[in-house]
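Structure first, then comments.
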Amino acid sequence: MSQAAQEPQIDYVELDRIIEEDFDNNKENLIMILQNVQKRYNYLPDPALVHVSQKMEVPLSEIYGVGTFYKTFSMKPRGRNIISVCLGTACHVRGSYNVGEYIQEILKIKEGETTEDGRFTLEAVRCIGCCSHGPVIKVNDDIYSGISPEKVRDILELYD
């Protein structure tokens, strides 16, 4: 999927509102501001980060440092739906690796990649926190437990 095809239109008025009204232009709220940016665009687009840097008078290098340090942030465009496959110990021993392999096979992507149509991004996570219900996958905010490769197609069909 090309970066240019996904470059979003940045709503600078909305960014200013988030920075000023929601977070009082307080530099200590940088992580929460970036979380709001990512929630809006599904990643941290460069033009939005430059604007946040200028508006808050925070060096762009510091903003990139935060954006690249925390795994929760993505610096590149992601799909409309984020599939997280839990690879924590409890899920792993119950077969999450096979579930992840099957998802890669049917979507024709590898971990960290996005489908050509922009529908899904696949990521592996160390723990979702549902250890007794493994294997577990999360699609956006929806958690599915006791997953087997046979259940994957039906789950993915729920998302456009």
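The values are calculated or read from the model by the stated rules, or taken from the named source; none is laboratory data. Remember, predicted model here, so these are calculated numbers, not experimental data. Every residue, glycine as well, gets a Cβ built from its backbone with ideal geometry; the counts of neighbours run over all protein chains shown.
For region 120-150, filtering for residues that are of a type in the set (A, V, I, L, M), closer than 15 Å to Ile106 by Cβ and modelled with pLDDT of 95 or more leaves 3.
Please determine, by comparing only the residues of region 119-156 that are in a loop (DSSP other than H, G, I, E, B) and either in the same structural domain as Tyr41 (by TED's automatic domain parsing) or among the aliphatic types (A, V, I, L, M) (or both), which one is farthest from the chain's Cα centre (by Cα). Can you show your working first?
As a first pass, look at region 119-156 and keep what is in a loop (DSSP other than H, G, I, E, B): 119, 126-130, 134-136, 140-141, 145-148.
Next, from what is left, pick out any that are either in the same structural domain as Tyr41 (by TED's automatic domain parsing) or among the aliphatic types (A, V, I, L, M) (or both): 128, 136, 147.
Numbers: Ile128: 14, Val136: 17, Ile147: 21 Å.
Per the stated criteria, the residue is Ile147.
Looking across region 4-14 at every residue that is within 21 Å of Asn81 (Cα to Cα) and part of a helix (DSSP H, G or I), the one that is modelled with the lowest pLDDT is identified as Ala4.
Taken over region 62-118, residues that are part of a helix (DSSP H, G or I) and either β-branched (Val, Ile, Thr) or touching a Ser or Thr at 6+ places or on another chain (Cβ under 6 Å) (or both) amount to 9. Give the residues of region 49-85 that are of a type in the set (Ser, Thr, Tyr) and farther than 30 Å from Ile155 by Cα, sorted by residue number. Within region 49-85, Ser53, Ser61, Tyr64, Thr68 meet the criteria.
Do we find that Leu34 is of a type outside the set (Ser, Thr, Tyr) and under 27 Å from Asp154 (Cα atoms) in this structure? Full working, then the answer.
Details: of a type outside the set (Ser, Thr, Tyr): yes; under 27 Å from Asp154 (Cα atoms): no.
No: the conditions fail for Leu34.
I want to confirm something. Restricting to region 133-160 and keeping residues that are touching a residue at least 40 places away in the same chain (Cβ under 8 Å) and among the small types (Gly, Ala, Ser), which single residue is surrounded by the fewest Cβ atoms within 10 Å (Cβ to Cβ)? Among residues in region 133-160 that are touching a residue at least 40 places away in the same chain (Cβ under 8 Å) and among the small types (Gly, Ala, Ser), the one surrounded by the fewest Cβ atoms within 10 Å (Cβ to Cβ) is Ser148.
Okay, residues lined up against (1) modelled with pLDDT of 95 or more; (2) of a type in the set (Asp, Glu); (3) in contact with a helix residue (DSSP H, G or I) (Cβ under 6 Å, 6 or more places away or on another chain):
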{"position": "Asp16", "(1), (2), (3)": "yes, yes, no"}
{"position": "Glu28", "(1), (2), (3)": "yes, yes, no"}
{"position": "Arg40", "(1), (2), (3)": "no, no, no"}
{"position": "Ala48", "(1), (2), (3)": "yes, no, yes"}
{"position": "Ser53", "(1), (2), (3)": "yes, no, yes"}
{"position": "Ile63", "(1), (2), (3)": "yes, no, yes"}
{"position": "Lys71", "(1), (2), (3)": "no, no, no"}
{"position": "Ser74", "(1), (2), (3)": "no, no, no"}
{"position": "Gly79", "(1), (2), (3)": "no, no, no"}
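Might you let me know whether region 37-50 holds any residue that is without any contact (Cβ under 8 Å) to a residue 24 or more places away in the chain, closer than 21 Å to Glu14 by Cα, of a type in the set (Gly, Ala, Ser) and touching a Leu at 6+ places or on another chain (Cβ under 8 Å)? For region 37-50, residues without any contact (Cβ under 8 Å) to a residue 24 or more places away in the chain, closer than 21 Å to Glu14 by Cα, of a type in the set (Gly, Ala, Ser) and touching a Leu at 6+ places or on another chain (Cβ under 8 Å): absent.
Only a single item in (1) crowded, with 20+ Cβ neighbours inside 10 Å; (2) modelled with pLDDT of 95 or more; (3) farther than 16 Å from Ser148 by Cα is not met by Ile83, and it is number (3).
The C-beta contact set for region 107-132 (first residue in contact (Cβ under 8 Å) with a residue 60 or more places away in the chain, second residue of a type in the set (Phe, Trp, Tyr) and not in a loop (DSSP other than H, G, I, E, B), distance under 8 angstrom, 6+ apart or interchain) comprises Thr114/Phe120.
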